[in-house]
1. Hey, can you tell me all the residues within region 80-95 that are farther than 21 Å from Ala160 by Cβ, modelled with pLDDT of 95 or more and open to solvent by less than 10 Å² (accessible area, probe 1.4 Å)?
2. From (1) crowded, with 18+ Cβ neighbours inside 10 Å; (2) under 30 Å from Ala87 (Cβ atoms), pick out the condition that doesn't hold for Thr226.
3. Taking only region 155-187 into account, find how many residues are surrounded by fewer than 21 Cβ atoms within 10 Å (Cβ to Cβ) and in contact with a Gly (Cβ under 8 Å, 6 or more places away or on another chain).
4. Being touching a residue at least 24 places away in the same chain (Cβ under 8 Å), more than 24 Å from Val29 (Cβ to Cβ) and under 13 Å from the mean Cα position of the chain (by Cα) is the requirement here; does Ala163 meet it?
5. Failed condition for Leu214, given (1) of a type in the set (A, V, I, L, M, F, W, C); (2) part of a loop (DSSP other than H, G, I, E, B); (3) over 21 Å from Ala93 (Cα atoms); (4) in contact (Cβ under 8 Å) with a residue 40 or more places away in the chain, with all others met?
6. Is there a residue in region 191-206 that is assigned to a helix (DSSP H, G or I), of a type outside the set (Phe, Trp, Tyr) and free of Cβ contacts under 8 Å to residues at least 24 places away in the same chain?
7. So Arg59 passes all but one of these: (1) of a type in the set (Lys, Arg); (2) in contact (Cβ under 8 Å) with a residue 40 or more places away in the chain; (3) open to solvent by 70 Å² or more (accessible area, probe 1.4 Å). Which condition number does it fail?
Amino acid sequence: MPLVDPVTMSSTLAKGPSTQGAESKVKAVIHPVPVFDTPLAKGIAFARPAVLLGLLALRFNALVAEPVATLQSALPVVAAIQAVYAALCLPVAGAQHAKATKKARPGEKKRSDATGPNPISTAILSLVLTAIATPVVHVLFVLFGAPFLDHVPHTILCSAHFALLGVFPVFYARGVDSQALIAVAGASAPLDETFGGLAGALVGAWLGAVPIPLDWDRDWQRWPVTIVAGMYAGSLLCAWASGAVFYGKRLGASVTRDE
């Protein structure tokens with residue numbers, strides 16, 4: 001039975017002993033985050049990449065001409081889409097523990113009132129945590145080659161979009177549980193839409209930086225146009241692939257399968 005803490009929004013963890021030698025100690029197993037098995041959730045999860053990529057295509061010329069204004073105006077739209085997607089498609093961190101603790105005692109009638117984590121309040125809290133994480137993402141962008149003193153508004157807005165795409169779903173579904181977040185950061189968590197979205201945003205942003213130094217003298221090569229396009233394409237496509245094709249698989253073969 002998964003063990004989570006609804007107060008700290010911890011992720012779904014189960015304890016299982018390893019099989020050999022020094023690995024016989026009990027260690028946590030991180031489970032993938034499923035999308036709700038309902039037509040509405042499946043439809044939203046399928047439509048989200050098309051909607052966001054379509055909006056990016058429609059606003060691409062504006063992004064090239066005025067990146068700061070375009071990224072700023074798109075930020076609340078992307079935040080709303082991500083919040084709706086999370087609330088209707090992903091389980092709230094701690095939801096399974098809440099269900100487990102509400103089991104009726106022998107002879108006690110089941111009560112229909114739900115005291116588990118609320119999707120709306122969790123989405124709001126996750127957005128707050130995402131905003132707090134945005135400066136950290138900005139620092140990481142600078143460490144990986146983004147302009148330090150120039151184009152600061154460009155970089156901070158790019159970081160905010162990255163955080164919404166890659167970090168927000170992880171906060172919503174995993175909470176602030178240290179073991180789950182370390183597993184995601186260390187790429188040892190199983191693939192699902194949340195982890196795939198974060199990994200895809202990283203790879204997409206990295207590949208998006210490739211055209212910038214090339215001597216093509218094109219307007220769309222300016223910072224951070226290709227970074228934004230790359231991280232949107234990478235995050236959304238990898239999230240879909242991780243949820244539909246590679247769900248539950250792990251990066252590398254060194255980690256044993258979850259029971």
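1. Cys89
2. Going through (1) crowded, with 18+ Cβ neighbours inside 10 Å; (2) under 30 Å from Ala87 (Cβ atoms) one by one, Thr226 breaks only (2).
3. Total satisfying the criteria: 1.
4. So Ala163 passes the test.
5. Here Leu214 meets the rest and fails (4).
6. Looking only at region 191-206, we keep the residues that are assigned to a helix (DSSP H, G or I), and these are 193-206.
This time we only want the ones that are of a type outside the set (Phe, Trp, Tyr), so: 193-194, 196-205.
Filter once more, keeping what is free of Cβ contacts under 8 Å to residues at least 24 places away in the same chain: none.
So far as region 191-206 goes, no, none of its residues is assigned to a helix (DSSP H, G or I), of a type outside the set (Phe, Trp, Tyr) and free of Cβ contacts under 8 Å to residues at least 24 places away in the same chain.
7. (2)
The values are calculated or read from the model by the stated rules, or taken from the named source; none is laboratory data. Just so it is clear, the model here is predicted, and its values are computed rather than measured. Ideal geometry is used to build each Cβ from the backbone, glycine not excepted, and the neighbour counts take in all protein chains shown. Ligands, DNA and RNA are stripped out before the accessible areas are found, and what is left, the full protein with its side chains, is counted by its heavy atoms. Shrake-Rupley method; radii C 1.70, N 1.55, O 1.52, S 1.80 Å.
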